[in-house]
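First the structure, in the form of structure tokens, and then the observations on it.
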Amino acid sequence: MMMAQRNLIAGVILTALGVFYGLLTVGLPNLSLPGTPGPTLFPWLITTGWVVLSSALLLFGMLGVRNQSKETEKRSIPKKPFIVLIAFLAYLAVLPFIGFILSSTFFFAGLMWLYGERHKVKITLTSIILPSMIFYIFSTGLGIFLPNGPW
Amino acid sequence: MDLGKKIVMNGDVLQGFLQAIQPTSLAATAIGCFLGIVFGMIPGMTISSGIIILLPLTFVLDPSISISLLLGLYVGGMLGGSFSAILLNIPGTPSAAATALDGYPLSVQGEPGRALGVAVLASFVGGLFSFLCLFLIAPRLADLALSFRAPDLFSLVFLGLTVICSFAAKSWIKGLLSAVIGLAIVTIGQDPIMGTARFTFGDANLLSGVNFLTALIGLFAIPQLIQSLGEGQIINNTTQPASMSFKKLLPASIDIKRMRLPVSIGGIVGSLLGMLPGAGGPIAAFMSYDYTRKTTDDSQKFGKGAIEGIAAPEAANNAVTGGALVPMMTLGIPGDPVTAILIGALLIHGLAPGPLLFIERADFAYGVIFSFFWANIFNLIIALAALRLLVKLVATPRSILMPTIAILCVVGSYALRNSLFDVYVMFFFGLLGLAMKWLDIPVVPLLLALVLGRQLEENLRIALTGSQGDISVFFTSPFSAFFLGIAVISIIWSIKNTRKVRSKNITT
């Protein structure tokens, strides 16, 4: 996708978010002493800056799209990044239920495979040893108790 | 300076020196340097990734040990980045890109050891030069900063943010937008003056706001994980550094003679630009390279393995580290993500960098300065003594490294408050980082806004309360007017620069 189109998308999204932030600011309680700035002053300044800047980006994006040639880049979207993100999300979802060691073992093995490792024994051993090591170093050595799960 | 003050200061300097030479601090500095060189060397890895891995450790370690470890990593990472630039033509850090221009050609000509030796020595001298700047300038700047009032502090932080936006982004709008988003995130939680809950959506976890270390882990590590998916192939197709031979590492006397001028240029440019928030290593390295080329008689040899072309950027990018510590230590303003993490690591231990640190904990402040000195010494020793081992580590499989980083991201964000909520926040920031990367919006201004935002709001409100709402207070104070003036100049400069780059792109 051309940069002007990305600027246009960024302009639309950020302007919408800026307006949303402004709407949330309207709902803030303005508790302050007379003549002194309250807790809404800074959010209002941010809203103003946000909306002005994102509108400018939107405008530049629109001008850029109009001026650019009709040819568009055609590139296939890689799937691996999405798989990594979904795997990460799944890992975070199961982490509190099955604990750090078990969830990390599966996640680690999956990531090793995604990063190109195909040796099954290497994947199995590394994904068991490394997360377990991290767990014990942090819990016994540093006193940071990672989620245990039901065990 | 009166005698009493001088004696107290000398006592603090001595205490700081003793703190830095504690065996645990020295060991932490050495380990940090070793890991920094390793992380800097591995293409695709950054100093920030290395720090993210070590971050959970710093929560439980003594502050002096934590800061020694992180400083070692910072200094080592700068040098490590140049190793892969010289051996693989892949700069390990953005600052090392200029080193590759002459380092790689010299390496290809069969002299990788000579190129690395020059880089190591130039980095050492550049680092020591910036240590002297840090040692001499920081206490005086802190002294001056003590006289700043709320309007001055507001304008100073505002200047820091605008300068960062000017340097960090190709487009000034995107740079400023990134900072504005960061400031908006800072407003989540209780406001700094009255404690009013803002944008918390009734969630108690958000009352204390978003911890910037959690945000930083997500912003840097998740995009790194995704980016590394496509890098394996490129790196495997390049030269195998482990098979190279390194006959001699210490530069010959003729090389040392040729290094004098470029190292001096690099040291001065790096230290000065390092003090400027956001300018950082890449600008300093390229500027030094350019100055050296212009001042050298035989400029034709540049790009073909010139010793001067390695020495100048190397001295500059290591000198930047000491320079960047000056505003961080004295004003609490970070110049780059690494100094932002250093601020976070100090804040966790209740030590707020800024002018007061030199009053309340001057011994600790000097300890940090001396740890930086030792980091440069260890950098030289480790790089020369363990070069062969270090070069082999470049070949660490990505399939082990990346999953380890992913898991340590979770551990690091969880360890901050023993809360899974922070892990989810980290992941959210990871997605935000990816989206910003796709939209070509720089993340560094956002990160630095997260560090500085609270200070900015606090000083704005204190200043306006003191002046009963009169905004002229920001223009009547000489310091404040000066800072605001430079901020405006930096924005104008950035707008002009964006236009220049755009018109250049159109003509090419």
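Here is how the numbers come out for the structure above:
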{"quantity": "Hydrodynamic radius (Kirkwood) for region B:395-477, which is based on Cα pairs only, to one decimal in Å", "calculated": "16.4 Å"}
{"quantity": "Heavy atoms of residue A:80: accessible area, 1.4 Å probe, square angstrom to 10", "calculated": "80 Å²"}
{"quantity": "Orientation-averaged projected area, Cα convex hull of the protein assembly as shown (nm²)", "calculated": "31.1 nm²"}
{"quantity": "Accessible area (Å², 1.4 Å probe, nearest 10) - residue B:360", "calculated": "130 Å²"}
{"quantity": "Chains B and A together, accessible area buried on both sides, 1.4 angstrom probe, square angstrom", "calculated": "5200 Å²"}
{"quantity": "Normalised contact order of region A:3-67, rounded percent, pairs of Cα under 8 Å and 6 or more residues apart", "calculated": "59 percent"}
{"quantity": "Folded to 0 to 90 degrees: helix A:100-114 orientation relative to chain A principal axis, Cα", "calculated": "80 degrees"}
{"quantity": "Per residue, the convex hull volume that the Cα atoms of chain B enclose (Å³)", "calculated": "159 Å³"}
{"quantity": "DSSP H segments from chain B that extend 24 Å or more along their own axis, Cα-based, with Kyte-Doolittle mean of 0.5 or above", "calculated": "B:23-41, B:63-88, B:112-145, B:150-168, B:212-229, B:253-275, B:307-331, B:362-385, B:398-417, B:420-438, B:444-466, B:478-507"}
{"quantity": "Occluded residues from region B:440-488, i.e. those whose accessible area drops by 20 Å² or more once the chain is not alone (1.4 Å probe)", "calculated": "B:440, B:441, B:457, B:460, B:461, B:464, B:465"}
{"quantity": "Flagged links, alpha-carbon separation over 21 Å, of B:294/B:496; B:392/B:437; B:174/B:500; B:257/B:304", "calculated": "B:294/B:496; B:392/B:437"}
{"quantity": "Normalised contact order of chain B, rounded percent, pairs of Cα under 8 Å and 6 or more residues apart", "calculated": "29 percent"}
{"quantity": "Pairs of alpha carbons in region A:80-141 whose separation is greater than 20 Å (percent)", "calculated": "28 percent"}
{"quantity": "Carbon and sulfur %, accessible surface of chain B computed with the full protein complex present, 1.4 Å", "calculated": "66 percent"}
{"quantity": "Label zone at residue B:497 (point 7 Å along Cα-to-Cβ), backbone N below 20 Å, region B:319-340", "calculated": "B:319-328, B:333-340"}
{"quantity": "Taking region B:56-170 and dividing mean pair separation by its residue count, relative contact order in percent (alpha carbons under 8 Å, at least six apart)", "calculated": "13 percent"}
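The values are calculated or read from the model by the stated rules, or taken from the named source; none is laboratory data. The structure presented is a predicted model; accordingly, all values stated were derived computationally and were not measured. Quick reminder, even Gly has a Cβ in these numbers, built from the backbone with ideal geometry, and neighbours come from all protein chains shown. In case anyone asks, the SASA skips ligands and DNA or RNA and just uses the protein heavy atoms, side chains included. Shrake-Rupley method; radii C 1.70, N 1.55, O 1.52, S 1.80 Å.
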